[in-house]
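One structure is given below, encoded as structure tokens.
Rule-based calculations on the coordinates, nothing more; no lab input. This one's a predicted model, so the numbers in the text were calculated from it and none came from an experiment. So basically every Cβ, Gly included, is an ideal-geometry build from the backbone, and we count neighbours across all protein chains shown.
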Amino acid sequence: MTASSNDPVPGAPGTAPTDPADGAPQTAGTRLDPWFDTYAERAHGMRSSEIRALFAVASRPEVVSLAGGMPNISGLPMDFLADMTARLLRDRGSEALQYGSGQGEIAMREQVVEVMRYDHVHAHPDDVVITTGSQQALDLVTQIFVDPGDVVVAEAPSYVGALGVFRAYQADVVHVVMDDDGLVPDELERTLRELAAAGRRVKMLYTVPNFHNPAGVTLSAQRRPQIVEICRRHGVLILEDNPYGLLGFAGDPLPALKSYNPEGVVYLGSFSKTFAPGYRVGWAAAPHAVREKLVLAAEAAILSPSRLSQLSITEYLTSFDWYTQVKSFREQYHERSQAMMSALQEYLPEARWTVPEGGFYTWVTLPEGLDAKTMLPRAVTNLVAYVSGTAFYADDQGHNHMRLSFCYPTPQRIREGVRRLAGVVRAEGELVEMFGTTGAAPAAARTIDTPTPDQS
Ligand SMILES: Cc1ncc(COP(=O)(O)O)c(C=O)c1O
């Protein structure tokens, strides 16, 4: 199943906004924002997520949040990091606090090349661009490839932060279905054929092959070369986003898509999940010519990525046993994932969910007729939070789904959260049975869901 998102954006130029009171067109003078008519067209689609308001409530301690994508960094060696940072500033402060290279420090890029070997990627440090989190790499790649109206093909569902970037560059996102083995090659082939027949310009496939956010599934070993080959035949660049690859419960990841066709894939990595997101260091490994454009775009955006962060990470990677730390994260997340799986089995057997082999998330399908988006206020009132499936589609799909994350709460809190959630689902189910609906109609508005860091 594919879905395109080319319905009009409410409030965009050409669709004069109306006063909610009398339906008359608003003038600049009656609006709260005097710059309303001055914004670029792309800014009119930018709205904060409608669920953001709930997150102020959801972050209260009495609420069990199964919504956040925050890594559990409490296991990091804080004393070591404090000493390391003091030493770094004392010995190399004038280097660490200075501007640096737009492409990133050479020592950092060399270490990134070593880290990517776990994904069977054999790159050269020249091919790597250090970015402010992989989120900035997503932005830069989209900026250099996507013109308004170009198609980006993406999994259904897709990472909310990537959808926000695609929307900001006015891409038309076309979703392709996944199953328990990840993106379905036949569906990708069919979608690309249909788009070609319709004369649409497909700029790239955006995919998260390992421990998908939000779906929790992993692209099987067998499908990886098939996906690469389909994109190669159709001349479609692959944007492979892999922040969770090293967090597999059973060990190191399957070979990256990039390992099958280095020239056809831009690979994104990050230290946010395997070390700490506060440093904001990620990277793109790209074919040479693409890398040159990425550096120009990065320099225009930020001059250079934080040198202090890069030097801190290179120091951490060389002077601490970072891989043992990653293994300990794996064990911790595995334990939490098992707590969530068994709680779902015990409290919510009427739902379906994916069984992750790593990462932070599971994707839950609710019993027929239930709408996760309209149910969310009731859930928060009952002191449990999740992210509605609708956040992860560029169109209005996903009402019957929710993303649950197990990365941050303890196993005990996860069990309690799922128990509360089950109560909410049951109460909502009774309403549906009685009245055939829970009342609120699905929202038809297209907005850019700009995620809070907690949601991402
Ligand atoms: C799939 C995916 N890509 C990219 C990011 C961005 O991560 P960062 O910018 O911290 O590297 C996230 C964060 O949650 C993510 O889940």
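Relative contact order of the chain: what whole-number percent is it, with Cα pairs under 8 angstrom and at least 6 residues apart?
With pairs under 8 Å counted, the relative contact order is 25 percent.
Remark on THR131: its backbone amide H falls under 5 Å from those of GLY282, TRP283, ALA284, a criterion applied only to residues 5 or more positions apart or on other chains, H modelled at 1.01 Å from N.
Residue separation of ALA43 and LYS327 scaled by 0.36 nm, minus their Cα-Cα distance, works out to 98.0 nm of gained length.
Annotation: amide H of TRP353 within the under-5 Å range of THR365, sequence separation 5 or more or interchain, hydrogens built in the peptide plane.
With no solvent and one point per C-alpha, what does the Debye sum give as log10 I(q)/I(0) for the range 45-177 at q = 0.13, 0.15, 0.22 Å⁻¹? Log10 I(q)/I(0), no solvent term: -0.95, -1.15, -1.27.
Of the two radii for the chain, the radius of gyration is 0.97 times the Kirkwood radius, both from the alpha carbons; that is the Rg over Rh value. Computed 3J(HN,Hα) for the range 65-82, one whole-Hz value per residue from the Karplus formula 6.51 cos²θ - 1.76 cosθ + 1.60 where θ = phi - 60°, is 8, 9, 9, x, x, 7, x, 8, 8, 5, x, 6, x, 4, 5, 4, 5, 5, glycine and proline marked x. Ordering 148-159, 286-297 by mean Cβ neighbour count within 10 Å, with the highest value first, yields 148-159, 286-297.
Computed from the alpha carbon atoms alone, the convex hull of the range 154-294 holds 118 Å³ per residue.
In order along the range 129-146, the phi-based Karplus estimate (6.51 cos²θ - 1.76 cosθ + 1.60, θ = phi - 60°) of 3J(HN,Hα) comes to 10, 7, 10, 7, x, 6, 4, 5, 4, 4, 5, 5, 4, 5, 4, 7, 10, 9 Hz; Gly and Pro are listed as x. Taking the helices alone, the chain has a mean residue ellipticity at 222 nm of -12500 deg cm²/dmol, built from -39,500 (n - 2.57) per DSSP H run of at least 4 residues and averaged over all its residues. Shown in residue order for the range 217-225 are the 3J(HN,Hα) couplings computed by the Karplus curve 6.51 cos²θ - 1.76 cosθ + 1.60 at θ = phi - 60°: 9, 10, 5, 5, 4, 5, 7, 4, x Hz (x for Gly and Pro). Packing around the peptides 70-78, 234-242, 326-334, 303-311, taken as the average count of other Cβ atoms within 10 Å per residue, puts them in this order, highest first: 234-242, 303-311, 326-334, 70-78.
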